[in-house]
Every structure is written in structure tokens, then in C-alpha cells.
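Any read-out appearing in this document is the output of simple, stated calculations on the displayed coordinates, not a laboratory observation. Because the structure is predicted, anything quoted here is derived from the model rather than measured. Using ideal geometry, Cβ is built from the backbone for each residue, glycine included, and neighbour counts are taken over all protein chains shown.
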Amino acid sequence: MLLLSGILAGVPVGASLAAAPVTSTGKPVALEGELDVLVEDYADGRSVTRHFLKTTHGRVELKFGRKPTTLLSGTRVRVRGQLAGGTLALDDGSSANVEVVQAALPYTMGEQRTAVILVNFQDDTSQPVTSSAAHSLVFTTVSNFYQEASFQQTWLAGQTFGWYTIPVSKSVCDTGAIYTEADKAVAASGADLSGYGRKIYMFPRNACGWTGLANVGGSVTRAWINGSFTLQAVGHELGHNQGLSHAHSRDCGSVTLGGTCTVSDYGDVADIMGAVRVGHFSPFQKELMGWLNDGVSPPIHTASTSGRYSIEPYSSSSVGPKAIKIPRGTDTSGRTLWYYVEYRQPIGADASMGTVGNLTKGVLVRLATEGDRYSSDLLDTTPASYSGSTGDFQDGALATGQSYNDAGAGVTITLASADTTGATVDVTFSGSTPPPTCTRAAPTVSISGSTAAVAAGSTVSYTVSLSNKDSSACAATTFNLAKSIPGGWTGTLAAGTLSLSPGASGSTTLSVTSPSTATAAGYGIGVGSSSAVGNAHTANASAIYTVASSGTLSETVGTNKTSYLRAETVSMSALVKNNDVPVNGASVKFTVTLPSGSTTVISATSGSDGYARGTYKTGKGKGAIGSYTLRADATSGSSTATASTGFSVQ
């Protein structure tokens, strides 16, 4: 396997992502870098998902036989495959050849610092929306939608910049040039974009065929809005930034779920991540983001037994149960397959659904696979009653008194009653025994290591431990680890992931090095966990790295005895302190001077107790008899200290 370096040229981001000419190495290669996942949304109902790897030498597109469903932008990965023409075809085409080095942690809660940047082109200086209207769209309309959908847990805050005319033609689709020149224009105006994790670029319609483009996930994201200045367009692309895929529909003809079905990429008629109307994100998606079934978020019933379950109107601001999860088996990888059941009412962002078919007169039923962001499929529980690509789903809700039966999974769902206050759903498992239910829980994460003060520039190693707290019915989970260290410091996780079965524990090492210029203080470091199943596996731990003050370095040295016999071993120790605080990681050189005048040097490093230790074995001959001198020279950062003692050999 050849490690590739120095041959990739940078290319722009987006639909114009034609890779720069790259000479094939003719051999398998391994690359490491940051993943950039992008979704292109087209007005004709098409979408394209593309994966790019940003390396220190440029950018290359990754080609999969089957695209992965769990990787997000910002994830650091190693990949293996065949490089040719600016693309890397992964070995055997699968995501198994993608090794996560460090995951991107979720960024779905709280204030989302957002910059809206309005640009037009050297050959089209039109301004199809005013700056104030764009600002109101994003920071009032879209922000209010997110605040409502997240139960007041997520909102947008920031500033709108522009209009700016950039030196780019509208006749080409070069989104890399758009964001580069837009950022330059903002900087030239005297503004600083460094405090914004999310950037939205809006521009008059240009040669790009899509209406929107966005990163999927990550804490630093971009979204491009191509002439479509609406809640549907902006809210949809920001959904991708939050880590969401599209909301699909699954049409199985004359049956709700069968062997021959057509999945429509944008077909969910009640979800903004579809393309039909603005509606709340599905329960599966909200659970991924931590907006349902996590912490203070409203709960989701998990149907672990046959029984009657009550749920509130989905878009109401109340905090009772908002949906029901019903297990329907597992896939070949051991992931739980679910039905999600919810009850829409014409409230808030869902108001427009009150006049559409029966969407607010029954419960909606969706499929989803645990951890698979691409798996949300709306079902039609009254199949073949409408015509048209999305029309049949307009009355797809399960009506009062009706039942949906999945004989293969042994599950029957019946809507017992529904009114403005909520819905009551009966769930029945064949033989009253449901499939084993997997209950996810936040893992336990801890960091342990030396608490002694160290000199600036020292490397300190910490042990990071994680315990899987999922129930025994869950499949093994690959937990992603991400470090948090002060700016300008370096840190390395020996392993970026830990794969653990429920109840199992694992550990890795985090090595942290402070700059040699760091001032004396205690600095927080941390590690966070995540996984493909969403916020349920978000946890973190922290520790304090203490930089010793640059006071006087002191040292004492001694031996375990003052007199030895020939061929006996001398145990030496040196205690290194800084302002009377033990120094961890100091370099110590022991110099033993023999009676003959010759010297022997032994090197050691001080531990968390400040002691450096070494041994010296005396000679067997008569020449070994006499007095010896032992000197210890200690170095910590730019400080040094010396101490001496002596011993004799008889």
C-alpha cells in the first residue's frame, strides 16, 4: 500500500467539482484527511450525494459501490483504494475501507452561529432579494421553524453580509470560487467570519442545476442557495448541515409494504427534508438530533409489549410523548428495524397540512433502521387510493378504527381514537411477545492521568475509557471519539473509534502536548463520544493539564545505600521540582564517575511524583574499589538543575 503525498491539486466545492488532473500511481494508495459530504438538491426531484477527502495536499473525490450512511462532514478518516483521474475508487467499493480516525461531534443543540452572505456575479449584478428580507428569512422565519421543531432547544443567530459582486461568472458552476470570493469580500469590508460555524451563501440563479447544496453534518458547514429564497429551501439545506438525509416515501403499489416497492428520495409529504411542503422533521430524525427521546426533550414510547399507547399532537409545544417506536426485527448487521408512529395536527409549521388529504386525521407510519440516516421512509397505509407520484401519500395516514398488519414481523398497529388532544394507538405482537427491544443509553466516558504540573511543551498521556451502557438486545456499537484541547496545542488519540458490545468497556490513549510558550495555569482537555445512532450516544469527560510556573527548577539526588560491594547494583533517584511542585516529564541524565576517572551516563525521565530513576551495576574486579561521584542533570523546558552525591565500593 502506497501512502500518497504531494500529488493532489485543490479543486472547488460543489457541482463543478471536476477533480484536478492527477496522475495515477498505478498502485493501491492510502490517504488520510477530513471528509466532506455534500448533497446537491435539484428542482426536478433528483439529488446527488458526493464524498470528498480534504488532505494536506489537496482534495480527491471518493467513489463507493454503495455509499455509506453514517459518515458526516468533518470526520477524519483513512481510506484505501485505487487512485485515477482525481478520484479514489475504494477497494471492493464498500465503506469497510474507510477507517474513522476522529469523528465529528454533533452540533444540533443550542444557538447556531450563522453568517448569511449575499453575492452576485460579474455578469449578473441583480439583487433578487433585499438584505433585510434575507436576514428576516433566515433569522426569523427559519430560526422560528427550528426553534419550534426542536422544542426551543435550537435556533439561529448571526448576521447578514452583502450584497457583494464577486469576480465569478454566472455561466459556470464553481461553488468553490463562490465561497472563496464571498469570504474575501466580507473580510475586505472589515468583518470577521471566524465566529460563525454555519455559513449560507445566497446568489441569483446561475449555471448550477441544483437549487441548494449543503454539507451533511459537522460543526463547521456551508450551504449554497441558488435563487430559491424560501423557508423550504433554506430550512432543507440547514437540515443537511444538521446531519440529516432526505425524507423518503416507499410506494409498494396495492399494499402498504411488500416485496416490490419504489422509494422516492423526496417523497415524504409531511417533512421539510422531502420536497413537497414545509413540515416538522420526522421522529426518527428528531431522535438523531437529540430533539426527542434524549435528556429534557419530549419522550418517544418504545412499544416493548402489546398494549395501548397515547401520543400528543406532534407539532404542539407540550412535552408529553410525541411518537411510538415499534420494533419489527433486525437487519443482517444486527441493527434494529423500527416503525415510527406520529400524529400530526394543523399546528405551527404543520398548519398547512390541515387541508391535505387525511394527514391530520390519522397517524403517519414510517420505517427506519437504527443509525441509518438515509432510512426514513413514509408508508401509505391506504394504498392505491390516489394517483400521481406523491398524491397517493396525501391520504396515507392510518385512520381511526383502521389497522395495519405486518405478518412477517408479527406486528399490528391500530388507531383506536384521535382528536385535537392526541391519538391512542393499539400495538399488538403475535403471541404477545415483541421482538427483543434495544434500548440505547449514553456511554460512560472517563479520562485518567497524571495531575502533576509539567513544564510548558511537555507531553502528557491520558487513558480514555468508555463503557457501552446499551441494553443486551442491542448490536455492538462503534463509538466515535473526538478530542477537545486548547487552541494551538497538539493532541493525538491512539484510536478514533472503539467497537463494543453492550456492557463491554474499552480504552485508548490521548497524548496532549502544550506549546513551549504556554503560561502557568490549569487547562481543560476533553474527549467526547458519538455514534451513528444519534445523540443517544453523546457523552464526554474532561481532565486538567497543569503547566508549571517558570520558577526555579530544583533537584535532589541520592542512592539506596552509601556503600556497595563489587558487582552490586546501585539504585539512583533524582527528585525534580519547580517551585516545590513535582515535575512530570523532566529529562534527567545520571553521570557516574568511577575511581579511575572514566564516566557512565544513564538517562531517565521523571514521573508524576517528580522522581527519575536509574540503576548502575558496579564492576567485579579490584579496580572497582574506591569512591564514586554521582551527578544528576535535570532539564524541563528551558530550565535546568544539577545535584550531586557520592558512594563507595568495597
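Across the range 199-212, coupling constants 3J(HN,Hα) worked out from phi with the 6.51/-1.76/1.60 Karplus curve, θ = phi - 60°, read 10, 10, 9, 10, 7, x, 4, 10, 6, 5, x, 8, 8, x Hz, and Gly and Pro carry x. Positive-end ranking of GLN345, SER189, GLY491 along the dipole of the chain, with charges on Cβ about the Cα centre, is headed by GLY491.
Each label point was placed 7 Å from the Cα along the Cα-to-Cβ direction; for SER385 and SER461 their separation is 6.6 nm. Taking the Cα centre of the range 262-379 as origin and assigning +1 to Lys and Arg Cβ atoms and -1 to Asp and Glu Cβ atoms, the resulting dipole is close to 280 debye. The long axis of helix 231-241 is offset from the longest Cα principal axis of the chain by roughly 30 degrees. Candidates PHE52, ALA133, GLN242 compared by Cα position along the dipole of the chain: farthest toward the positive end lies PHE52, with charges placed on Cβ. The convex hull drawn around the Cα atoms of the range 110-241, when projected onto a plane and averaged over every direction, covers 7.1 nm². Under Stokes-Einstein, with the Kirkwood radius over Cα pairs as Rh, the value for the range 63-187 at 37 °C and 0.692 mPa s is 182 µm²/s. Of the trypsin sites (Lys or Arg not before Pro) in the range 547-612, which ones lie in a loop per DSSP and count no more than 12 other C-beta atoms within 10 Å? Passing both the DSSP loop test and the Cβ count: LYS561. Axis angle, to the nearest 10 degrees, between helix 175-188 and the longest C-alpha principal axis of the chain: 70 degrees. At an R0 of 60 angstrom, the distance between the Cβ atoms of THR509 and THR599 translates into a FRET efficiency of 0.95.
Between the residues GLN402, ALA504, ALA368, the greatest Cα displacement towards the positive end of the dipole of the chain, with unit charges on the Cβ of Lys, Arg, Asp and Glu, is found for ALA504.
For the range 203-335, dividing the convex hull volume of the Cα atoms by the residue count gives 178 Å³ per residue. Taking chymotrypsin sites (Phe, Trp or Tyr not before Pro) across the range 520-597, none is in a DSSP loop with at most 15 further Cβ atoms lying within 10 angstrom of its Cβ. Taking amide H as placed 1.01 Å from N in the peptide plane, the amide H of GLY585 sits under 5 Å from that of SER606, GLY607, each at least 5 places away or on another chain. On the principal axes of its alpha-carbon atoms, the chain has extents of 107, 69, 49 Å, going from largest to smallest.
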